[in-house]
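What follows draws every value from the coordinates through simple rules; no lab data is involved. These numbers come from a predicted model, not from an experiment. FYI the Cβ positions are ideal-geometry reconstructions off the backbone, even for glycines, and counts take in every protein chain you see.
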């Protein structure tokens, strides 16, 4: 009976360990710097005497979290969260900071990691789909009036490349570049006409772009 119990214990342990090994993944904590731009609009003469025709997030610090599982030795699927600690600015004949702005990004992604699974250095490329949230901004006008802008969430994609380093064990480092364009609006650009379909008003899409240079610690499990 003791031998039978030992065999059952070994079989049970093996059945648990095999799926655990199959569930290979990585988790990363990232920090970096983001270069951002916004969109243009019709010129507006403000109360301070300046004319403004741009709205932009300010270049600033960013942090993020990344967790993913390997579908194969090279293909990884996961979820990436980022938060840029920025400020909203108006631009034109002058540049004015309006208030603090948090930009949160949420993307599911697919990445391809080059090289062997246990290689000490693995370059990667990735693409993701998700959303970008521009948080509310508390502001005060030159005349002393205070207010709050609304929060806005828009569809966005993200594209990235970099390299992961694992000199020993399952704790390593990574560095990379990530580009996140977020659709904001479309401006009327003119008319397009077709003999069969008729005429339609066309537009130029405007995107807010984030260029993120980041690095951090990566854990393999």
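Listing 129, 88 from fewest to most neighbouring C-beta atoms within 10 Å gives 129, 88. Considering every alpha-carbon pair of segment 21-220, the percent of pairs per 5 Å bin, from zero through the bin containing the longest distance, is 1, 7, 13, 16, 14, 12, 10, 9, 7, 5, 3, 2, 0, 0.
Working from label points 7 Å from Cα in the Cα-to-Cβ sense, the residue 217 to residue 140 distance is 4.0 nm.
Between residue 79 and residue 45, what FRET efficiency follows from the Cβ-Cβ distance if R0 is 35 Å, with the result rounded to 0.05?
Given R0 = 35 Å and the Cβ-Cβ separation, E is 0.20.
Treating r as the C-beta distance of residue 125 and residue 153 and R0 as 25 Å, the FRET efficiency rounds to 0.40. In this simple spin-label approximation, residue 27 and residue 87 carry label points 7 Å from Cα along the Cα→Cβ vector, and these lie 3.5 nm apart. Fully extending the segment from residue 72 to residue 175, taken as 0.36 nm per residue of separation minus the present Cα-Cα distance, adds 34.9 nm.
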